[in-house]
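To start, the structure itself, in structure tokens.
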Amino acid sequence: MKKFNKVVSAVMTSALALTMLAGCGSGAASGSDTFKIGAIGPLTGAAAAYGNAVVNGAQIAVDEINEAGGINGVKIEYKGEDDELNAEKSVNAYNTLKDWGMQILVGSTTSACSIAVSENTKADNMFQLTPSGSAEDCVKYDNVFRVCFSDPNQGIASAQYISDHNLATKVGIIYDSSDVYSSGIYQKFAQESEGKNYEIVSAEAYTQDNNTDFSVQLQKAKDAGADLVFLPIYYSDAALILTQANTMGYAPTFFGVDGMDGILTVENFDTSLAEGLMLLTPFAADATDDLTVNFVKKYNEKYGETPNQFAADAYDAVYIIKAAIEKSGVTPDMSVSDIGSKLSEAMTQIEASGLTSSKMTWEASGEPNKEPKAVVIKGGVYVSAE
Amino acid sequence: MNKITKNNLITYGIVIFAYIVFEILMLTGNLSSHLKGLLVPMTYYAVIAVALNLCVGILGELSIGHCGFMCLGAFSSAFFSKATENVLPTVPRFIIAFIIGIGVAALFGFLIGIPVLRLKGDYLAIVTLAFGEIIKNVINSFYIGIDSKGLHMNMKSAMDLNMEADGNVIVNGAMGITGTPHNANFTIGIVVLLISLFIVQNLINSRDGRAIMAIRDNYIAAEATGINVTGYKMMAFTISAAIAGAAGVLFSHNITTLTASSQYFGYNASIMILVYVVLGGIGNIRGSVIAACILYMLPELLRGLNTYRMLIYSIILIVMMIVNWSPKIIAWREKKFGKSGMFGLIGRIIFRRNKEVA
């Protein structure tokens with residue numbers, strides 16, 4: 001009998017625990033008087049800067065739209081969830097937002113997470129607009145679009161730009177082989193460079209485990225006579241490369257992509273070393289157009305920091321969604337799947353302008369068409385390179 | 001029915017009961033999509049916790065690189081599934097993927113075991129940590145593609161594969177494998193969990209298992225009684241690696257993007273699994289399963305607290321550890337609630353302390 005009691009109590013305890021869990025769920029929302037937009041990004045951990053920028057940037061756009069009376073008179077409800085830069089957690093975040101009643105997703109912030117989530121949005125046919133998921137596979141489904149350039153596009157655009165402007169004859173590359181973003185751009189850049197008016201003389205990789213000493217990679221580029229070094233990497237590593245190149249007396253033109261945005265904010269970095277650095281970036285916080293000035297001011301007031309391109313992409317994403325909703329005439333009482341189909345259809349018809357480009361259109365494939373902006377650092381600020 | 005069999009049956013019972021309850025909730029539409037999404041990860045973390053418990057609790061060797069084996073299982077099976085996605089029907093493909101994932105993880109468990117198991121204690125822990133990182137970094141540098149001419153592979157870049165126009169890059173360096181078919185579901189996860197439990201629990205209660213535990217309890221005495229120490233250590237370690245590989249197969253077929261990055265397979269992830277094992281009770285298989293499920297779910301259920309949840313999660317972890325394992329609190333608990341009280345029962349049934357290990 002004692003044994004039986006034990007079994008019974010084991011069953012009872014697990015039942016108890018399970019009912020508790022079950023109680024947590026089942027919140028299928030029916031909010032039919034507002035559009036519910038969700039955002040996903042890493043809000044904690046090493047990449048928190050990106051996720052917070054996306055969630056905050058979108059928040060500003062949502063606030064602006066709501067103040068101005070909403071989309072076709074319908075207000076937006078907005079919520080951001082954390083994914084800790086983990087694809088698994090990103091899917092969990094997506095499911096959480098779905099329980100909240102999300103109808104449109106701005107996310108995920110990073111590529112791998114965005115790809116994992118797109119598998120689920122496809123199953124639900126939810127409209128997904130990733131502000132900054134740049135890997136090729138992010139938009140492979142019909143319901144997914146992006147605001148930023150794809151990695152391959154950045155590689156192609158960089159190769160085009162360097163060749164069109166005769167910036168170099170010999171190009172060296174230093175890239176991060178452990179990073180999806182960096183190796184993605186590198187691969188396309190190298191492919192695109194064939195038959196251009198310059199040649200790639202060195203392509204050296206490093207990984208996140210040895211990103212403190214770049215003297216070997218720099219020395220190889222120098223020995224090969226590279227007069228331009230292409231850095232498809234994030235700014236924190238690039239700051240070290242610039243410093244070390246200066247120490248060894250090597251002064252080629254350095255050319256970066258949008259990950260380079262932020263190099264002027266690196267602590268203890270002598271920004272004079274970044275003089276002459278060129279980068280392709282969709283957004284420069286010190287641009288003087290009204291839209292940027294207004295956005296930067298609001299962001300600064302609300303969050304106490306200068307927004308980066310992630311925030312700008314997310315801000316644009318919300319306005320792009322607004323434009324698509326207005327074009328397609330969807331209403332919040334429609335099902336998620338209906339909204340998804342209509343918005344995907346409308347995306348190819350709209351033309352949006354925003355912080356990251358004055359004219360953006362979309363292919364059905366989900367890729368944006370916009371002009372890359374090249375800037376050069378002069379006197380510690382971004383100046384248009386044109 | 002002896003005590004051991006009954007104890008094992010309770011473990012299966014809990015798993016099957018949980019499965020039935022969740023299935024009913026799902027069918028009646030009472031389960032939120034958030035929880036639905038958590039079910040499969042819960043099963044594979046429970047599986048790898050069982051695997052690690054075999055290594056840490058039964059064999060008595062601290063391994064902190066077990067996610068490396070999970071990584072191997074995940075990549076080898078995902079590679080197979082992706083390569084044969086349009087050739088084989090789903091069911092046989094997924095079964096073969098399991099066999100491949102488990103086989104590759106077991107093979108590497110065996111190979112790594114040869115040098116590693118000559119070490120003991122802290123040294124072994126450090127070397128397993130190193131191997132876990134090596135596996136992750138080596139996989140990160142592979143580029144493998146398939147075209148009409150067959151398999152291409154190198155460690156430089158995807159362009160150097162020199163593939164035909166119809167080529168398909170499957171493993172793309174740090175970008176890993178994307179687009180693995182989404183085959184894993186809760187039922188398969190539970191079946192894998194039950195099979196791993198069956199293997200581990202029967203191993204423990206077999207002649208081999210007793211030999212393995214004898215090595216753990218007294219190495220010299222075990223050797224003196226004629227037990228083939230190296231052989232049994234290898235056996236336990238290889239089985240443990242194989243089960244970790246099975247967890248990897250579930251992992252890669254649940255999340256469609258697979259990258260060998262530290263948040264999934266690094267030493268932090270391995271230590272998280274070790275936390276499951278330690279909190280569930282070293283040597284206590286049932287405890288590992290329950291601890292893995294609870295600890296995986298906890299930060300998710302705390303989502304309402306936003307960024308504070310990491311802080312609260314850590315505090316809960318500390319409190320749980322103290323409440324479960326502090327001798328003073330165990331004594332207080334028994335005095336207050338009695339050994340047969342609800343609390344005492346939960347404590348004894350779920351977190352049954354393994355006296356031999358203590």
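Scanning for something more than 14 Å from every other protein chain (Cβ to nearest Cβ) and buried (at least 20 other Cβ atoms within 10 Å of the Cβ), does the stretch A:132-139 turn up at least one residue?
Among the residues of the stretch A:132-139, at least one is more than 14 Å from every other protein chain (Cβ to nearest Cβ) and buried (at least 20 other Cβ atoms within 10 Å of the Cβ), which makes the answer yes.
Just to check your reading of the model, which residue among A:22, A:17 is farther than 30 Å from residue A:296 by Cα and modelled with pLDDT under 50?
Details: A:17 fails: modelled with pLDDT under 50.
None of the others qualify; the one that does is A:22.
Of the residues A:148, A:113, which single one is touching a residue at least 24 places away in the same chain (Cβ under 8 Å) and not in a loop (DSSP other than H, G, I, E, B)? Before the answer, list the steps.
On the way: A:148 fails: not in a loop (DSSP other than H, G, I, E, B).
Criteria check complete, one pass: A:113.
Looking at the stretch A:207-228, which of the residues that are under 24 Å from the mean Cα position of the chain (by Cα) and surrounded by 14 or more Cβ atoms within 10 Å (Cβ to Cβ) is nearest to residue A:271 (Cα to Cα)? If you could, list the steps in order and put the result at the bottom.
Step one: of the stretch A:207-228, the residues under 24 Å from the mean Cα position of the chain (by Cα) are A:207-209, A:211.
With the extra rule that they be surrounded by 14 or more Cβ atoms within 10 Å (Cβ to Cβ), the set shrinks to A:207-208, A:211.
Values: A:207: 24, A:208: 23, A:211: 20 Å.
Only one residue fits best here, namely A:211.
Which residue out of A:190, A:205 is within 9 Å of chain B (Cβ to nearest Cβ), outside any loop (DSSP other than H, G, I, E, B) and out of contact with any Phe, Trp or Tyr (no Cβ under 9 Å at 6 or more places or on another chain)? Spell out how you get there, then give the answer.
Values: A:205 fails: out of contact with any Phe, Trp or Tyr (no Cβ under 9 Å at 6 or more places or on another chain).
Criteria check complete, one pass: A:190.
Within the stretch A:140-168, restricting attention to residues that are of a type in the set (D, E, K, R) and either more than 14 Å from chain B (Cβ to nearest Cβ) or under 25 Å from residue A:253 (Cα atoms) (or both), which residue is surrounded by the fewest Cβ atoms within 10 Å (Cβ to Cβ)? Even if it seems obvious, please write down each step before you answer.
Quick first cut of the stretch A:140-168, residues of a type in the set (D, E, K, R) only: A:140, A:142, A:146, A:151, A:164.
Add one more test, that the residue is either more than 14 Å from chain B (Cβ to nearest Cβ) or under 25 Å from residue A:253 (Cα atoms) (or both), and what stays is A:142, A:146, A:151, A:164.
Working: A:142: 16, A:146: 24, A:151: 27, A:164: 10.
Restricting to residues being of a type in the set (D, E, K, R) and either more than 14 Å from chain B (Cβ to nearest Cβ) or under 25 Å from residue A:253 (Cα atoms) (or both), the top hit is A:164.
Read through the list (1) within 19 Å of residue B:308 (Cβ to Cβ); (2) modelled with pLDDT of 90 or more, then give the number of the only condition that residue A:48 fails.
Tallying (1) within 19 Å of residue B:308 (Cβ to Cβ); (2) modelled with pLDDT of 90 or more, residue A:48 fails exactly one: (2).
Residue-wise test of (1) closer than 28 Å to residue B:243 by Cα; (2) surrounded by fewer than 15 Cβ atoms within 10 Å (Cβ to Cβ); (3) under 21 Å from the mean Cα position of the chain (by Cα).
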residue: B:125; (1), (2), (3): yes, no, yes
residue: B:134; (1), (2), (3): yes, yes, yes
residue: B:141; (1), (2), (3): yes, no, no
residue: B:164; (1), (2), (3): no, yes, no
residue: B:171; (1), (2), (3): yes, no, no
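When you check residue A:36 against the structure, is it in contact (Cβ under 8 Å) with a residue 24 or more places away in the chain, more than 13 Å from every other protein chain (Cβ to nearest Cβ) and among the basic types (Lys, Arg), yes or no?
yes
Give the residues of the stretch B:319-335 that are exposed (fewer than 13 other Cβ atoms within 10 Å of the Cβ) and closer than 15 Å to residue B:281 by Cβ, sorted by residue number. It would help to see each step written out before you state the result.
So the first thing to find is which residues in the stretch B:319-335 are exposed (fewer than 13 other Cβ atoms within 10 Å of the Cβ), and the list is B:319, B:322, B:326-328, B:331-332, B:335.
Residues satisfying the conditions are B:322, B:326, B:327.
For the stretch B:239-274, how many residues meet the condition of being over 10 Å from the mean Cα position of the chain (by Cα) and over 20 Å from residue B:197 (Cβ atoms)?
Result for the stretch B:239-274: 19.
Just to check your reading of the model, which residue among B:252, B:261, B:196 is crowded, with 22+ Cβ neighbours inside 10 Å and over 30 Å from residue B:24 (Cα atoms)? Outline the logic, then answer.
Working: B:252 fails: over 30 Å from residue B:24 (Cα atoms); B:196 fails: over 30 Å from residue B:24 (Cα atoms).
Selected residue: B:261, the only one of B:252, B:261, B:196 that is crowded, with 22+ Cβ neighbours inside 10 Å and over 30 Å from residue B:24 (Cα atoms).
What number of residues within the stretch A:78-93 satisfy the criterion of being facing chain B (nearest Cβ under 8 Å), of a type in the set (D, E, K, R) and under 18 Å from residue A:56 (Cβ atoms)?
Count: 3.
Return the pair list, or none, for Cβ contacts closer than 6 Å from residues in the stretch B:233-259 that are closer than 28 Å to residue B:211 by Cα to residues that are hydroxyl-bearing (Ser, Thr, Tyr) and assigned to a helix (DSSP H, G or I), at least 6 apart or on different chains.
B:243/B:196; B:247/B:44
Considering the stretch A:320-360 alone, what residues qualify as being without any contact (Cβ under 8 Å) to a residue 60 or more places away in the chain and β-branched (Val, Ile, Thr)?
The answer is A:330, A:348, A:350.
For the stretch A:93-101, does any single residue satisfy the condition of being crowded, with 24+ Cβ neighbours inside 10 Å and not in a helix (DSSP H, G or I)?
Within the stretch A:93-101, none of the residues are crowded, with 24+ Cβ neighbours inside 10 Å and not in a helix (DSSP H, G or I).
In the stretch A:130-143, which residues are touching a Phe, Trp or Tyr at 6+ places or on another chain (Cβ under 9 Å) and over 16 Å from residue A:51 (Cβ atoms)?
Those that are touching a Phe, Trp or Tyr at 6+ places or on another chain (Cβ under 9 Å) and over 16 Å from residue A:51 (Cβ atoms): A:135, A:139, A:143.
Just checking, which of B:288, B:261 is closer than 27 Å to residue A:116 by Cβ, away from every other protein chain (no Cβ under 14 Å) and of a type outside the set (A, V, I, L, M, F, W, C)?
Working: B:261 fails: away from every other protein chain (no Cβ under 14 Å).
Result: B:288 is the single residue among B:288, B:261 that is closer than 27 Å to residue A:116 by Cβ, away from every other protein chain (no Cβ under 14 Å) and of a type outside the set (A, V, I, L, M, F, W, C).
Determine if the stretch A:291-309 includes at least one residue that is within 27 Å of residue A:210 (Cα to Cα), surrounded by fewer than 20 Cβ atoms within 10 Å (Cβ to Cβ), of a type outside the set (Ser, Thr, Tyr) and at pLDDT below 90. Full working, then the answer.
First pass over the stretch A:291-309, keeping only residues within 27 Å of residue A:210 (Cα to Cα): A:308-309.
The next check asks that each one be surrounded by fewer than 20 Cβ atoms within 10 Å (Cβ to Cβ); those that pass are none.
No, the stretch A:291-309 contains no residue that is within 27 Å of residue A:210 (Cα to Cα), surrounded by fewer than 20 Cβ atoms within 10 Å (Cβ to Cβ), of a type outside the set (Ser, Thr, Tyr) and at pLDDT below 90.
If you go through the stretch A:89-106 one residue at a time, how many are farther than 21 Å from residue A:343 by Cβ and touching a Phe, Trp or Tyr at 6+ places or on another chain (Cβ under 7 Å)?
Total meeting the criteria: 0.
Check B:38, B:52 and return the single one that is over 17 Å from residue B:246 (Cβ atoms), among the hydrophobic types (A, V, I, L, M, F, W, C) and in contact (Cβ under 8 Å) with a residue 24 or more places away in the chain. Walk me through how you get there before you give the answer.
Numbers: B:52 fails: over 17 Å from residue B:246 (Cβ atoms).
The conditions single out B:38.
Which of (1) at pLDDT below 85; (2) under 19 Å from residue A:281 (Cβ atoms) does residue A:174 not meet, given it meets every other one?
Just one mismatch for residue A:174, condition (1).
I'd like to know if the stretch A:86-101 contains one or more residues that are in contact with a Leu (Cβ under 9 Å, 6 or more places away or on another chain) and either over 25 Å from residue A:331 (Cα atoms) or at pLDDT below 90 (or both).
Yes, the stretch A:86-101 contains a residue that is in contact with a Leu (Cβ under 9 Å, 6 or more places away or on another chain) and either over 25 Å from residue A:331 (Cα atoms) or at pLDDT below 90 (or both).
Taking the criterion of being within 14 Å of another protein chain (Cβ to nearest Cβ), among the aliphatic types (A, V, I, L, M), part of a helix (DSSP H, G or I) and touching a Ser or Thr at 6+ places or on another chain (Cβ under 8 Å), would at least one residue in the stretch B:266-277 satisfy it?
The answer is yes; a qualifying residue exists.
Got a number for residues in the stretch B:17-35 being more than 19 Å from the chain's Cα centre (by Cα) and more than 7 Å from chain A (Cβ to nearest Cβ)?
8
The values are calculated or read from the model by the stated rules, or taken from the named source; none is laboratory data. Quantities reported herein were computed from a predicted structural model and do not represent experimental measurements. Note: ideal-geometry Cβ built from the backbone for every residue, glycine included; neighbour counts use all protein chains shown.
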